[in-house]
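Values in this text are rule-based calculations from the coordinates and carry no lab data. Note that this is a predicted model, so its numbers are computed, not measured. Virtual Cβ from ideal backbone geometry, glycine too; neighbours counted across all protein chains shown.
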Amino acid sequence: MEMTDQRRPGAFLDRDGVLIEDTGYPHRIEEVRWIPGVMAALRRLNAAGFAVCIVTNQAGVARGYYDEAAVGRLHHWMANEARAAGARLDGFAYCPFHAAAEAPRYRRESPRRKPGPGMIEDWLAHFPLRRDGSFLIGDRATDLEAAAAAGIPGHLFPGDDLDAFVAAILKGN
C-alpha cells in the first residue's frame, strides 16, 4: 500500500501590492482598494488545492502608525470579504518588527521580516503544507528573496490583473 502526502502546497501571497493596493501603510478598512482580479485569483488557487497564506511585513506597527489590533481587524475583514466572494484565505502571518522601530518592543531584527524566510518557514513547519509545489507572489525584491531563502519559487507581480498572473503561474506548474 502506497502512502500519499496529504499536505497541500502553499500559495504565499504578499498583502500590500498583491492583494490590496499599496497606498502607503494601508490599515483602514474604508480605504482598502482590492487589486483587480484578486477574488478570481483566490478562487482559482482554492480550486487548484493550494492553501492561500498571506505573509506581510507590517512596519507601520513598528513605526507607530497603527497598532496590531488594526492589522487584525483588516485581516479579519479581508477574510470575510473573500468568503463572501466564494474564496478562502487560509490565514495571515505578519511581522511587526523593524530595526528602526519607534517603540522599543518592536525594535529588533527578525527572521520573520522579509527578506527573511521566517513567516514562510513557520507556515511550512506548523501547518499541513508541503514545500514541493509551493510558491510566493510578491511585488518587491525582498519578497522574492524570502521565497528563495525558503526554497520555493518566487514570482514578481507587476500589478494589473492578479487572476491572469496566477493563471499563468499555474499553467507553468
Sites residue 108 and residue 73 - FRET efficiency at Förster radius 22 Å, r taken between beta-carbons, to 0.05: 0.35
Taking the C-alpha atoms of region 18-88, convex hull volume expressed per residue in Å³: 85 Å³
What are the extents of the Cα atoms of region 10-172 along their three principal axes, listed from largest to smallest and rounded to whole Å? 45, 35, 28
With only helices counted (DSSP H, runs n ≥ 4, each -39500 (n - 2.57)), the per-residue ellipticity at 222 nm for the chain, to the nearest 500, works out to -10500 deg cm²/dmol
37 °C / 0.692 mPa s Stokes-Einstein diffusion coefficient of region 57-143, Kirkwood radius on C-alpha pairs, µm²/s: 227 µm²/s
Centre separation in Å (Cα based) which lies between region 63-94 and region 113-173: 19 Å
Please get the size of the charge dipole for region 1-157, origin at its Cα centre, with Cβ charges of +1 on Lys and Arg and -1 on Asp and Glu, quoted in debye to the nearest 20. 180 debye
